[in-house]
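One structure is given below, encoded as structure tokens.
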Amino acid sequence: MRARIVAGLAGLPWAALLSITLVIDVAAILIRADLLATAAVFVLVWTQVPAARRRSGPAVGAVTMAVARRLVVGTALLVTGFHVVAGSAHALLDDTLRLGAVAVLVALPAIALDARQAQPPRVLLVGDLPQMRGMVARWMDDGSVRVVGGLALGVSSEMAASGLSDLGIASLGTLEEVADHLRGNPADLVVVAPGASVTAEDLRRLSWRLQATDTRLAVSSVTDDVAPHRIEIATVGGSTVELVAAPGGGIVYAAAKQVIDRVLGMVLLVAVSPVLAVAALAIRLDSPGPALFRQVRIGRDGVPFTMYKLRTMTTQAEDLREGLDELDEGNGVLFKMRNDPRVTRVGGLLRRTSLDELPQLFNVVLGSMSLIGPRPALPEEVAKYSDGELRRLAVKPGITGLWQVSGRSLLNRERSMWLDTSYVDDGRASTDASILVRTVTAVVTRRGAF
């Protein structure tokens, strides 16, 4: 019991909790808040922030949005409760609202910073070997998980060892070895990868082995690629099932996004017009040719449109492309070179700072693009799409999106496609807000911009 208490305290997001507490303290002193309201908001923060982190995992966007939801709902319940108990005690209600607002505003950046600094979760995998290999390959690609061991069921020990050793993972022999392995290689989770070789009895035996440890048991499923907000656990005829909501954000989300695109797009276009004017002048002075570059891209439902960008290459760029194919550093579809000789001096600066993308605000205002969405695809790309990849054309392409904030040209084709199609299926308002915040970081760090 003592070990569990110590482990629980060590697992708290102390940096985030203490920073939020300090700010609430200062705010309470400045507004001379009621002691009861201050104590209630403290309890809310210290219970709901760790709970949201435990349920949401290490993903920064998921953690911050979960914290926001819990604190907003909790503050609303506090205000309602105080209203019922205190009657007309308006000062108490005002203090609760103001301190609750402070808690939400401070919690978002604090918990995001805390999550970014946290180490990737340690996982021991158990289950179907091909499924395990697929999960490890994805985790190794983005560094989101550290695998400390694996137990492949339904195959020989030799096949299990060879199937995991090339990934640098220690192979276990039986379920009985799991607890012993965890003593020398602590893990945060034991994740079961489903398959024909994994039975309900295996899951029960595994839970028994983990009962005396601090390691939690999790089960992956066929809904692995579905966002958590679309999944609901239910019971049908005594069996536990996962209800999966329809993809997409719904009619209200789509309508709100369209309005925001047009209004915010126009505001941003007016705001950056001086930058566009200076950039256009620099382009014209640096090399002959127009400042604006037009290119046909494929939009929603496969409809072609003309996309606008600031010109970053010489006007003979397409003619010079033939001799550069063997130097391609792209992802198999897009041609990319870090030191492309066709890029002008001003064009190189525009690309590194992503300023060449600003004219796409015209596309947003005209309605052919969105502020946030999949990367606009070239016709020759779409011609090579599989049926599943055509799904990314179900929404308008965006100036920024999951692909753009996750590495851009550094990503391989499969990862790029997965990011774009997952946004189409799982996108919602909180996802868009997270992408907008991450866009600022992506532009500042210039990761994948060349």
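The values are calculated or read from the model by the stated rules, or taken from the named source; none is laboratory data. Because the structure is predicted, anything quoted here is derived from the model rather than measured. Please note: Cβ atoms are built from the backbone with ideal geometry, for glycine as well, and neighbour counts cover all protein chains shown. Heads up: the accessible areas ignore ligands, DNA and RNA and are worked out on the full protein's heavy atoms, side chains in. Shrake-Rupley method; radii C 1.70, N 1.55, O 1.52, S 1.80 Å.
Data for the structure
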item	result
Percent carbon-and-sulfur accessible area, the chain, ignoring ligands, DNA and RNA, probe 1.4 Å	62
Efficiency of FRET from Cβ geometry, D387 and Q295, R₀ 45 Å, rounded to 0.05	0.95
Per-pair calculated FRET efficiency, R0 = 45 Å: V270 and L30 via Cβ, rounded to 0.05	0.75
Computed log₁₀ I(q)/I(0) - Debye formula, equal Cα scatterers, no solvent, the range 198-266, q 0.12, 0.13, 0.16, 0.26 Å⁻¹	-0.57, -0.63, -0.78, -1.16
For the chain, convex hull volume per residue from C-alpha positions, Å³	204
Cut-off under 5 Å, modelled amide H: who pairs with L151 long-range	L125, V126, G127, L172
Interchain or long-range residues, amide H under 5 Å from Y308's placed H	N363
Antiparallel bridge percentage (DSSP; both residues within the chain; nearest 5)	45
Nitroxide proxy distance, nm - points 7 Å out along Cα→Cβ at R69 and E232	1.2
Neighbourhood charge, 14 Å Cβ-Cβ cut-off, centred on L390 and excluding it, Lys, Arg +1 and Asp, Glu -1	-2
Charged-residue dipole, Cβ positions (Lys, Arg, Asp, Glu), the chain about Cα centre, Debye nearest 20	1120
Whole-Å distance, taken between Cα centres, linking the range 272-293 and the range 335-396	19
GNM flexibility winner over the chain from H90, H181, H229 (Cα, springs under 10 Å)	H90
FRET efficiency, 1/(1 + (r/R0)^6) with R0 56 Å, evaluated for S157 and R352 via beta carbons	0.60
Inter-label distance for L113 and D180, nm, one decimal - labels placed 7 Å from Cα along Cα-to-Cβ	4.6
Per-residue ³J(HN,Hα) for the range 179-187, Karplus 6.51 cos²θ - 1.76 cosθ + 1.60, θ = phi - 60°, Hz, x for Gly and Pro	4, 5, 5, 5, 5, x, 9, x, 9
The chain: DSSP helices with Cα axial extent of at least 18 Å and average Kyte-Doolittle hydropathy no lower than -1.0	14-30, 35-56, 60-86, 90-117, 129-142, 250-286, 429-445
Proximal charge balance of G347 [Cβ under 11 Å; K/R count +1, D/E count -1]	+3
